[in-house]
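K.L.:
Provided herewith is a single structure, encoded as structure tokens, for subsequent inquiry.
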Amino acid sequence: MSIVKHLQEAVVDTLSKLYNNTFTEKDFQINQTKTEFEGDYTVVLFSLVKSLKQSPDSIGNELGEGLIKNHPHLFTSFNIIKGFLNVTISDVYWISLLKRNYHDICFGKQAMNGKKVMVEYSSPNTNKPLHLGHLRNNFLGWSVAEILKANGYEVIKSCIVNDRGIHICKSMIAWQLFANGATPVSTNTKGDHFVGEYYVKFNDEYKKQIKELMDQGASEADAEKNAPIMLQTQQMLQDWEAGKPEVIQLWKEMNGWVYAGFDVTYKSIGSDFDKTYYESNTYLLGKDIVQAGLDKNVFYKKEDGSVWIDLTADGLDEKLVLRKDGTSVYITQDIGLAQQKYDQYKIDQSIYVIGDEQNYHMKVLKLIAQKLGLPYADHIYHLSYGMVELPTGKMKSREGTVVDADDLVKEMIDTARHHTEALGKVKDFDADELDALYRTIGLGAMKFYLLRVDPKKKMIFNPEDSIDFHGFTGPFVQYTYARIKSILRKQSLNNQEAVSDALLPLEKELMVVLEQFPSAIESAAAELNPSAIANYVFLLAKTFNSLYTEHSIANAETAEKRALRLQLSSMTANVLESGMQLLGINVPERM
RNA sequence: GGUCCGGUAGCUCAGCUGGAUAGAGCAUCAGCCUUCUAAGCUGAGGGUCAUUGGUUCGAAUCCAAUCCGGAUCACCA
């Protein structure tokens, strides 16, 4: 149980005894005491003033004395300043907490709770390579999965690959027109980049044709509709749906190139999935659900045969769920896929990591599921994240400002190499060890940079800041870990006399932060917010570094102090490692 | 226009279930390596928490209005 919970219970209990009434933890507030005052945690008394008809100071005195009398092992002293009751937690409490947990690499994690969650993330299109936005998505999805696991959930990571549709046909047509049979192998190009080039070529040609048609007097709308390359693409989509062998053959081949490329990228950033869905397999799902919805009068059919749902009563619009020709739309297959996920895994919760431009769509999806009375409807959760923008504005492929994932990874690893070489601390590493280290640091910096911001908010990716390895960054935390490990390699951490007379302020401060790790994991899971972990881990590293510079660990004043600080160091290293692991970031033993 | 999200230091962000003098990092300036890794530490300057009004003992935090920015409202996915 956390110290805050202990304190809440103690206050409730003491208030009840003192004032012969029932209280709950909602009747008062507990905060961490500000550093300028004496004490560890603070009970805010104002809310009690009215019901108890006493001044804050008098309540504080009675409560403070009661707390110490009833819980002498927990609290040692108190003071009251302007209506705030500052309570000091006993060193005995902190030291016994330390003793129980300093060697526990699972500190803060919950036992399995028997619940299953699916986290869907990444969800790439197979017509172009992954970019910076995908990286935010991937890191978020991975981290949220780890955070949920730490809270006792069984997690299934899934990915839906957008492998069909008009956009895929665009790359295919362009390849037919312009490639002369070139392949990734013949051009020595990574498969996803190779295909992406043809997607770009399509758009260039398309624009050219539109301009030609307009020069001949066509309206813009007509030109867009009648450009030969667009007509060819639409024909190809129909051929694909009809299963025309040579189209299917080309589609499979080009998708194969892209998958090979994605595999490399996923491997390099450490992403993987337990289950991959392909839209080419799922796009017909959901039609039977539409029929069931018609039977239940949740949906209605217009004269032309198209099927709709009226969501105007819920503040949304009328939405199409089936075209007049009977083919399904985006939302139809999403309902179908949601059903399939539930049928296959009997999941208790389904989390979708999708950008906030789809807030409306996900709202509609959930609402439709609810209206259909589907059992998983209430457990659909859209983890909506904001766009990643550049200091110059949005990324635009047209202007060539899209930050490619592979390029960025490479750049980060290169930067890590430069920094490491300049510092020259690991000259004895062999080539493999160095590669692994550069990768750990480079990826650590990148993941931390993208995860440290609240997912809901759009964020600015500043290339210069992102390769900074100082301050609020991944390498800062990694460095702190490596420093501790360096000490622990040289010092034996035998399980003895860690008792100390009194914790020094910096020792206590570190202990207080360490104690908050379980709460940090819990609230990160409740909010599905990895940035809470990033902030926590940074605070912990910073607090440790202060202690480290101020007090010697290996050469402490006494043997007891030495044991205490070694245990604090060990626990800090464990928590840093666990916390970073929740972000999908590795920590190096040396750097 | 409707709906949703955001606006906090020069920049990037915390803080938002109301609490004490609004916090970090970067950048700027001044210090600290003969001792456990200086990718570190200590300190300084830097704020009309978009604006206005309301609720209250107390508002960056809650409510309302306004201004600014973004997303979305496709028989695209």
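The values are calculated or read from the model by the stated rules, or taken from the named source; none is laboratory data. Quick caveat, the model's predicted, so the values are computed rather than measured. Don't worry about glycine lacking a Cβ; one is built from the backbone with ideal geometry, like all the others, and counts go over all protein chains shown. Surface areas here come from the heavy atoms of the whole protein model, side chains and all, with no ligands, DNA or RNA. Shrake-Rupley method; radii C 1.70, N 1.55, O 1.52, S 1.80 Å.
K.L.:
Filtering segment A:505-549 down to residues that are touching a residue at least 40 places away in the same chain (Cβ under 8 Å) and among the acidic types (D, E), which residue is farthest from A:Y481 (Cα to Cα)?
P.N.:
Across segment A:505-549, the extreme among qualifying residues is A:E522.
K.L.:
Something else about it: Just a yes or no: is a residue in segment A:253-262 open to solvent by less than 70 Å² (accessible area, probe 1.4 Å), within 23 Å of A:D334 (Cα to Cα) and within 15 Å of RNA strand B (Cβ to nearest atom)?
P.N.:
Scanning segment A:253-262 turns up at least one residue that is open to solvent by less than 70 Å² (accessible area, probe 1.4 Å), within 23 Å of A:D334 (Cα to Cα) and within 15 Å of RNA strand B (Cβ to nearest atom).
K.L.:
Within segment A:550-559, can one find any residue that is part of a helix (DSSP H, G or I), more than 7 Å from RNA strand B (Cβ to nearest atom), under 17 Å from A:Q110 (Cβ atoms) and open to solvent by 20 Å² or more (accessible area, probe 1.4 Å)?
P.N.:
Applying the first criterion (part of a helix (DSSP H, G or I)) to segment A:550-559 yields A:550, A:559.
Now restrict to residues that are more than 7 Å from RNA strand B (Cβ to nearest atom): A:559.
The next check asks that each one be under 17 Å from A:Q110 (Cβ atoms); those that pass are none.
There is no residue in segment A:550-559 that is part of a helix (DSSP H, G or I), more than 7 Å from RNA strand B (Cβ to nearest atom), under 17 Å from A:Q110 (Cβ atoms) and open to solvent by 20 Å² or more (accessible area, probe 1.4 Å).
Yes/no matrix, rows are residues, columns are (1) within 12 Å of RNA strand B (Cβ to nearest atom); (2) open to solvent by 40 Å² or more (accessible area, probe 1.4 Å); (3) within 22 Å of A:K508 (Cβ to Cβ):
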site: A:T22; (1), (2), (3): no, yes, no
site: A:F37; (1), (2), (3): yes, yes, yes
site: A:E62; (1), (2), (3): no, yes, no
site: A:N70; (1), (2), (3): no, yes, no
site: A:N86; (1), (2), (3): yes, no, yes
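K.L.:
Can you find even one residue in segment A:180-188 that is within 26 Å of A:E279 (Cα to Cα) and touching a Pro at 6+ places or on another chain (Cβ under 6 Å)? Don't jump to the end; show me each part of the working.
P.N.:
So the first thing to find is which residues in segment A:180-188 are within 26 Å of A:E279 (Cα to Cα), and the list is A:183-184.
If we keep only those that are touching a Pro at 6+ places or on another chain (Cβ under 6 Å) as well, we get none.
No.
K.L.:
Please return the ranges of helices (runs of 4 or more DSSP H) entirely within segment A:274-391 where 3 or more residues are within 12 Å of RNA strand B (Cβ to nearest atom).
P.N.:
Per the criteria, A:279-282, A:330-345, A:359-371.
K.L.:
Let me ask another. Residues of segment A:104-147 being surrounded by fewer than 22 Cβ atoms within 10 Å (Cβ to Cβ), in contact with a Lys or Arg (Cβ under 9 Å, 6 or more places away or on another chain) and assigned to a helix (DSSP H, G or I), which ones?
P.N.:
If the condition is that a residue be surrounded by fewer than 22 Cβ atoms within 10 Å (Cβ to Cβ), in contact with a Lys or Arg (Cβ under 9 Å, 6 or more places away or on another chain) and assigned to a helix (DSSP H, G or I), then no residue fits.
K.L.:
Also: Return the pairs, sorted by first residue and then second, in which the second residue is within 8 Å of RNA strand B (Cβ to nearest atom) and open to solvent by 40 Å² or more (accessible area, probe 1.4 Å), the first residue lies in segment A:448-464 and is polar (S, T, N, Q), the beta carbons are less than 9 Å apart, and the residues are 6+ apart or on different chains.
P.N.:
Cβ pairs passing all conditions: A:N462/A:P391.
K.L.:
Which residues, taken from segment A:161-202, are in contact (Cβ under 8 Å) with a residue 60 or more places away in the chain and open to solvent by 20 Å² or more (accessible area, probe 1.4 Å)?
P.N.:
Matches in segment A:161-202: A:N162, A:R164, A:I166, A:K170, A:W175, A:Q176, A:T183, A:K190, A:H193, A:Y199, A:V200.
K.L.:
Taking A:V49 and the conditions (1) at pLDDT 95 or above; (2) near RNA strand B (Cβ under 9 Å from one of its atoms), which numbered condition does it fall short on, given that it satisfies the others?
P.N.:
(1)
K.L.:
Give just the number: which of (1) in contact with a strand residue (DSSP E or B) (Cβ under 8 Å, 6 or more places away or on another chain); (2) at pLDDT below 95 does A:A422 not satisfy?
P.N.:
A:A422 satisfies every listed condition except (1).
K.L.:
Of A:L450, A:L437, which residue is in a helix (DSSP H, G or I), open to solvent by less than 40 Å² (accessible area, probe 1.4 Å), modelled with pLDDT of 95 or more and within 8 Å of RNA strand B (Cβ to nearest atom)?
P.N.:
Within the list A:L450, A:L437, the selection yields A:L437.
K.L.:
Moving on to the next point. Restricting attention to segment A:392-418, and to residues there that are within 14 Å of RNA strand B (Cβ to nearest atom) and in a helix (DSSP H, G or I), which single residue is nearest to the chain's Cα centre (by Cα)?
P.N.:
Per the stated criteria, the residue is A:M412.
K.L.:
Another question, then. If you check A:R590, A:R565, which single one turns out to be touching a His at 6+ places or on another chain (Cβ under 8 Å) and either assigned by TED's automatic domain parsing to the domain that holds A:I487 or not in a helix (DSSP H, G or I) (or both)?
P.N.:
A:R565
K.L.:
Could you pull out the residue among A:S578, A:S546, A:S531 that is within 9 Å of RNA strand B (Cβ to nearest atom), in a helix (DSSP H, G or I), closer than 18 Å to A:F139 by Cα and in contact with a helix residue (DSSP H, G or I) (Cβ under 8 Å, 6 or more places away or on another chain)?
P.N.:
So the residue among A:S578, A:S546, A:S531 that is within 9 Å of RNA strand B (Cβ to nearest atom), in a helix (DSSP H, G or I), closer than 18 Å to A:F139 by Cα and in contact with a helix residue (DSSP H, G or I) (Cβ under 8 Å, 6 or more places away or on another chain) is A:S531.
K.L.:
Right, another one. With A:S219, A:S280 as the choices, which residue is of a type outside the set (A, V, I, L, M), more than 30 Å from A:G444 (Cβ to Cβ) and surrounded by fewer than 18 Cβ atoms within 10 Å (Cβ to Cβ)?
P.N.:
The conditions single out A:S219.
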